[in-house]
Amino acid sequence: QVQLVESGGGLVQAGDSLRLSCAASGRTFSNYDMGWFRQAPGKEREFVSAVSWSGASTYYADSVQGRFTISRDNAKNTVYLQMNNLKPEDTAIYYCAARPTGLYPASMRYKYNYWGQGTQVTVSS
């Protein structure tokens, strides 16, 4: 019902920047809260960032606060994750996710209905 496709991952050096994109289709994009998650080898998936349907509210994991910025362009049905000052510990597969706004409280940060296929981000030292 909702298709999400991530892009923008790649291999970079520590201190570099990267911008991930998530293109959505199949539903009214502006009615969905959007999130970014990541999963490193041998570790569980973790929350990275989220943005409300209007873009007015944003949330960040402590590990990326001050370095990453989430944004959305509802006219383009796209969510972005700007990643600055990348560190080796940021290496992971990054996933885009969506859920209807108001379906779950913000505290339920892992409750998303739709997920993308993921894009690999590798940061070398």
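The values are calculated or read from the model by the stated rules, or taken from the named source; none is laboratory data. Bear in mind that the values here come from a model prediction, so they are computed numbers and not experimental data. Here Cβ is always computed from backbone atoms with ideal geometry, including for glycine, and neighbour counts include all displayed protein chains. We work out accessible area using only protein heavy atoms, side chains counted, and drop any ligands, DNA or RNA first. Shrake-Rupley method; radii C 1.70, N 1.55, O 1.52, S 1.80 Å.
Structural remarks
- Qualifying residue in region 26-44 (condition: of a type in the set (Lys, Arg), under 20 Å from Leu4 (Cα atoms) and either open to solvent by 60 Å² or more (accessible area, probe 1.4 Å) or over 15 Å from the mean Cα position of the chain (by Cα) (or both)): yes
- Checking the stated criteria, Ser52 turns out not to satisfy the condition of being in contact (Cβ under 8 Å) with a residue 24 or more places away in the chain, among the small types (Gly, Ala, Ser) and open to solvent by 30 Å² or more (accessible area, probe 1.4 Å).
- Condition check for Tyr95 on (1) over 25 Å from Thr122 (Cβ atoms); (2) among the aromatic types (Phe, Trp, Tyr); (3) in contact (Cβ under 8 Å) with a residue 60 or more places away in the chain: one failure, at (1).
- Any hit, region 68-78, residues being of a type in the set (Phe, Trp, Tyr) and touching a residue at least 60 places away in the same chain (Cβ under 8 Å): no
- Scanning region 73-109 for residues that are open to solvent by less than 20 Å² (accessible area, probe 1.4 Å) and either touching a helix residue (DSSP H, G or I) at 6+ places or on another chain (Cβ under 6 Å) or within 23 Å of Asn31 (Cβ to Cβ) (or both) returns Thr78, Val79, Leu81, Cys96, Ala97, Ala98, Arg99.
- Remark: pairs (first residue in region 1-17, within 14 Å of Val123 (Cβ to Cβ) and surrounded by 13 or more Cβ atoms within 10 Å (Cβ to Cβ); second residue of a type in the set (Gly, Ala, Ser) and modelled with pLDDT under 95; Cβ separation under 8 Å; 6+ apart in sequence or on different chains) = Ala14/Ser125.
- Residue in region 21-44 that is charged (D, E, K, R) and within 13 Å of Val121 (Cβ to Cβ) present: yes
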